[in-house]
1. Taking segment 104-117, which residues are within 10 Å of the ligand (Cβ to nearest atom), open to solvent by less than 40 Å² (accessible area, probe 1.4 Å) and either under 19 Å from L4 (Cα atoms) or not small (G, A, S) (or both)?
2. Out of segment 36-72, which residues are farther than 21 Å from A120 by Cα and among the small types (G, A, S)?
3. Got a sec? Which of V45, V99 is under 14 Å from Y132 (Cβ atoms), within 15 Å of the ligand (Cβ to nearest atom) and in contact (Cβ under 8 Å) with a residue 24 or more places away in the chain?
4. Restricting the search to segment 39-67, which residues are of a type in the set (A, V, I, L, M), open to solvent by 50 Å² or more (accessible area, probe 1.4 Å) and under 19 Å from A28 (Cβ atoms)?
5. Need the failing condition index for E55 against (1) within 20 Å of L13 (Cβ to Cβ); (2) of a type in the set (D, E); (3) part of a loop (DSSP other than H, G, I, E, B), just the number.
6. Filter segment 118-132 down to the residues that are assigned to a loop (DSSP other than H, G, I, E, B) and closer than 18 Å to V92 by Cβ, then identify the one that is most open to solvent (accessible area, probe 1.4 Å).
7. Assigned to a helix (DSSP H, G or I) and open to solvent by 60 Å² or more (accessible area, probe 1.4 Å), is that true of E137?
8. Taking segment 1-19 as the search range and keeping residues that are in a loop (DSSP other than H, G, I, E, B) and within 30 Å of I147 (Cα to Cα), which one is least open to solvent (accessible area, probe 1.4 Å)?
Amino acid sequence: MHLLLLNGPNLNLLGTREPEIYGAETLADIEQQVAAKAEQLGAQVVSFQSNAEHELIERIHQASHESIDFIVFNPAAYTHTSVALRDALTAVAIPFSEVHISDPEQREPFRQQSFFSDIAVHVVKGLGTQGYLVATEQAIEFLTSQIR
Ligand code: DQA
């Protein structure tokens, strides 16, 4: 099982970015924890973060040539704006989960809309950075149930 952990804009600043909302862990910490959890459960993870919409789109396209089975994706601010990223995910037809560290629905009105939730296999939000680990477990559970 191969997972892609994909993170959108400003998540490279985790650890220093609004720690009262996003916590103290860095993206490197999260990537390492996700890789360790996945390995325990028999899966491998590649990680990618970008601040640029087109790079995230290209990475999703590339995933379809790499036998990636599942994408764990925090689209960050693109959650609320990007039809193009949504279209990339439907184009490659790789199952994915939408992860948010905070709960966008409990925040400003402009964060209420997601272009991903209705097509995601799972939506994990408001669990802090732990949410990435929950999403990883759920992804592997989903893939395992598909194989059975
Ligand atoms: C976020 C929530 C988004 O609204 C915000 O733009 C982010 C991070 C989260 O993980 O809580 O950058 O996706």
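The values are calculated or read from the model by the stated rules, or taken from the named source; none is laboratory data. Treat the numbers as computed from the prediction; the structure is a model and nothing was measured. Using ideal geometry, Cβ is built from the backbone for each residue, glycine included, and neighbour counts are taken over all protein chains shown. For accessibility, only protein heavy atoms count, side chains too; no ligands or nucleic acids. Shrake-Rupley method; radii C 1.70, N 1.55, O 1.52, S 1.80 Å.
1. Hit for segment 104-117 is P104, nothing else.
2. A36, G42, A52, listed by residue number.
3. V99
4. Answer for segment 39-67, where residues must be of a type in the set (A, V, I, L, M), open to solvent by 50 Å² or more (accessible area, probe 1.4 Å) and under 19 Å from A28 (Cβ atoms): just V46.
5. (3)
6. For segment 118-132, the residue satisfying everything is D118.
7. Spelling it out, E137 is indeed assigned to a helix (DSSP H, G or I) and open to solvent by 60 Å² or more (accessible area, probe 1.4 Å).
8. Top of the filtered list is G8.
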